[in-house]
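So the structure is just underneath, and the comments pick up after that.
The values are calculated or read from the model by the stated rules, or taken from the named source; none is laboratory data. Note that the coordinates shown come from a computational prediction; the quantities given were computed from them, not determined experimentally. Cβ placement follows ideal geometry from the backbone for every residue including glycine, while neighbour counts extend to all protein chains displayed.
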Amino acid sequence: MTVSLSRRSLLGRGAAGAAAIGAALAPAARARECGALAPGRKESLYGPDPRTAHLVFNENPFGPSPKALEALAEASTQGAYYQGKSVAYLAEMIAERHGVGPEQILITNGSYEGLTALGLAYAKKGDILGPELFWDSTALFVENNGYGRIVRAPMKGKLEVDLAALEARVGEGTGMVHIVNPNNPTGRLIDPSELRSFCTTVSPKTMVLIDEAYIELSDDPDGNSMMDLVRAGQNVVVARTFSKIYGMAGLRVGYAIGPAEVIQRAQNFVVSSPNVAGISAAIASYDDEAFLKTSKSKLLQARQMIMEGTKAMGLDPLPSQTSFVFVDVGMDADAFRARMAEKGVVIRGKYGEHTPYSRVSCGYAEDVKRYLEAIPYAMEA
Ligand SMILES: Cc1ncc(COP(=O)(O)O)c(C=O)c1O
C-alpha cells in the first residue's frame, strides 16, 4: 500500500502510537528536504520514512526472509481463523532444537510480551534486580504501573555488567534477576563462563532471566547462550526474538524457554494469543540457515563500518556483539541526535546519566555511510 500521510492524521491515532511516531516524524519531516528517494525505497504506510537513514530501533532491514514472505502470503489466506496448530508447531521446532520439552516454551507477540509476563509474575515475589543499564522497557512497564520495583546494581569499567555487584544485592526481597546478554544499549557481552557461574550460584535463590535478543549476532552464539543451564534444569529463563536476526520486528514473535512451572506462571500473565501472520513467517525462517548467514553478515558489515568510521573520527565506540553500537560522541547525545536528524539520520538519544553515549543501529550500508558523513556536522553543535 502506497500512501501519503500527514503528521496530523498519524498523531490522531492515539497517545501510545503518537509518542513513537512523533519521535520519528520530526526528523523525517526534515529529511524530506534532504532529497529524493534512494533507488529501491518507496513511501509506504509500513516501515520508516524512506528518505531517512533509519538507524534507531535495532530493526533488521535485511529481513524478513524470502521463505517468510512466501509463508505470510499463504497464511494470510487463512486469516479468518485463530492460530490452529501453528503455535504448537513452532513451539515443537524450538523445543527440538534446544533439547527441551514444548511445555518449556512460551511464544508471545514479540519477546516484549513474554518478558512483561515474567516481570509481572515475579515482581509479585519481590524486586526486579538488574544492572544500571539494560533493556528495561518491560521492567519499567511493571514498575510504572505499580506492580513492582526495579533495583539497579552499578556497572563496572566501560559500562560492563558487574555480576559481583548484582550478586551482592540478591536477597530475601529479590523477585527475579533480569540480565540482557549481549546488553542493550551498550552492545557488550558478559563473559559466558562468569555468567554461567553467576546463574548457578544465584538461581537457587531467585529466578534469573537472560534476554538473549541479540545473541545470534555475537561471535559464538551457542557458547555465549545460557540455554545449557535451562537444559540442566536450573531456575533460569532464556528469552529470544524473531525481531532481530530474523528481521521480523513488525511481525511480533518472540519466545521464552525455561522450567515448565516458570513458563506456566508467566503464561498466566499473557493477555493475547500469537498472530498467525508472524507465526507463519517464524516457522518458515527458523531453520533458514542461508538467510540467517546473509542477514548476520550484512549486519556485521554495518557494525564494522560504524566501529571503524567512528574511531577514525576520534570517537570512542564500545565493543559490540549486537546489531548496534554505543558510541561516546563526547557531547550530549540528545543534542547530537537532534543535529543528526537535521541531516535525516534517525538515531537514539541519551540514556540516563550517560549523556555522551549515543546508540546507532546497524542497517543498510548507504544509511551507515550517511550517518558517518553527518557526524562532523552534528559535532559542530
Ligand atoms: C534486548 C531486547 N529485548 C527484547 C526486545 C523486544 O523485542 P521484541 O518484542 O520485538 O521481540 C528488544 C527490542 O529492541 C531488545 O532490545
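Conditions tested, residue by residue: (1) over 21 Å from TYR89 (Cα atoms); (2) surrounded by fewer than 19 Cβ atoms within 10 Å (Cβ to Cβ); (3) within 11 Å of the ligand (Cβ to nearest atom).
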| position | (1), (2), (3) |
| --- | --- |
| ARG231 | no, yes, no |
| ASN235 | yes, no, no |
| VAL238 | no, no, no |
| SER243 | no, no, yes |
| MET248 | no, no, yes |
| ARG252 | no, no, yes |
| ALA256 | no, no, yes |
| PRO259 | no, no, no |
| ILE263 | no, no, no |
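Remark: TYR371 matches the filter, which requires a residue to be surrounded by 19 or more Cβ atoms within 10 Å (Cβ to Cβ) and either assigned by TED's automatic domain parsing to the domain that holds PRO48 or in a helix (DSSP H, G or I) (or both). When LYS244, LYS296 are checked against the criterion of being out of contact with any Cys (no Cβ under 9 Å at 6 or more places or on another chain), in contact (Cβ under 8 Å) with a residue 12 or more places away in the chain, under 20 Å from VAL368 (Cα atoms) and not assigned by TED's automatic domain parsing to the domain that holds MET226, LYS296 stands alone in meeting it. For region 84-109, the set of residues classified as in a loop (DSSP other than H, G, I, E, B) and within 25 Å of the chain's Cα centre (by Cα) consists of GLY99, VAL100, ASN109, listed by residue number. Identify, by number, the condition in (1) touching a Gly at 6+ places or on another chain (Cβ under 8 Å); (2) within 28 Å of SER323 (Cβ to Cβ) that GLU160 doesn't meet. Result: GLU160 fails condition (1) only. Can you name the residue in region 95-142 that is among the hydroxyl-bearing types (Ser, Thr, Tyr) and within 12 Å of the ligand (Cβ to nearest atom) and is also surrounded by the fewest Cβ atoms within 10 Å (Cβ to Cβ) among such residues? Result: SER137. On the stretch given as region 330-342, residues that are among the basic types (Lys, Arg) and crowded, with 20+ Cβ neighbours inside 10 Å total 1. Determine the pairs where a residue that is assigned by TED's automatic domain parsing to the domain that holds LEU159, located within region 348-360, has a partner that is modelled with pLDDT under 95 and not in a strand (DSSP E or B) with Cβ atoms under 9 Å apart, the partner being 6 or more residues away or on another chain. Correct list of pairs: empty, since none qualify.
A single member of GLY148, GLY157, GLY173 is in the same structural domain as MET207 (by TED's automatic domain parsing), more than 16 Å from the ligand (Cβ to nearest atom) and under 30 Å from MET307 (Cα atoms), and it is GLY157. Determine whether region 323-341 contains at least one residue that is in contact with a helix residue (DSSP H, G or I) (Cβ under 7 Å, 6 or more places away or on another chain), closer than 17 Å to SER218 by Cβ, among the hydroxyl-bearing types (Ser, Thr, Tyr) and assigned to a loop (DSSP other than H, G, I, E, B). Looking for residues that are in contact with a helix residue (DSSP H, G or I) (Cβ under 7 Å, 6 or more places away or on another chain), closer than 17 Å to SER218 by Cβ, among the hydroxyl-bearing types (Ser, Thr, Tyr) and assigned to a loop (DSSP other than H, G, I, E, B), one finds at least one in region 323-341, hence yes. Within region 176-224, if we keep just the residues that are touching a residue at least 60 places away in the same chain (Cβ under 8 Å) and more than 15 Å from the ligand (Cβ to nearest atom), the residue that is farthest from ASN235 (Cα to Cα) turns out to be ASP219.
Filtered by the rule that a residue be farther than 25 Å from GLN301 by Cβ, part of a strand (DSSP E or B) and out of contact with any Ser or Thr (no Cβ under 6 Å at 6 or more places or on another chain), region 212-262 gives VAL237, VAL238, TYR255, ALA256, ILE257.
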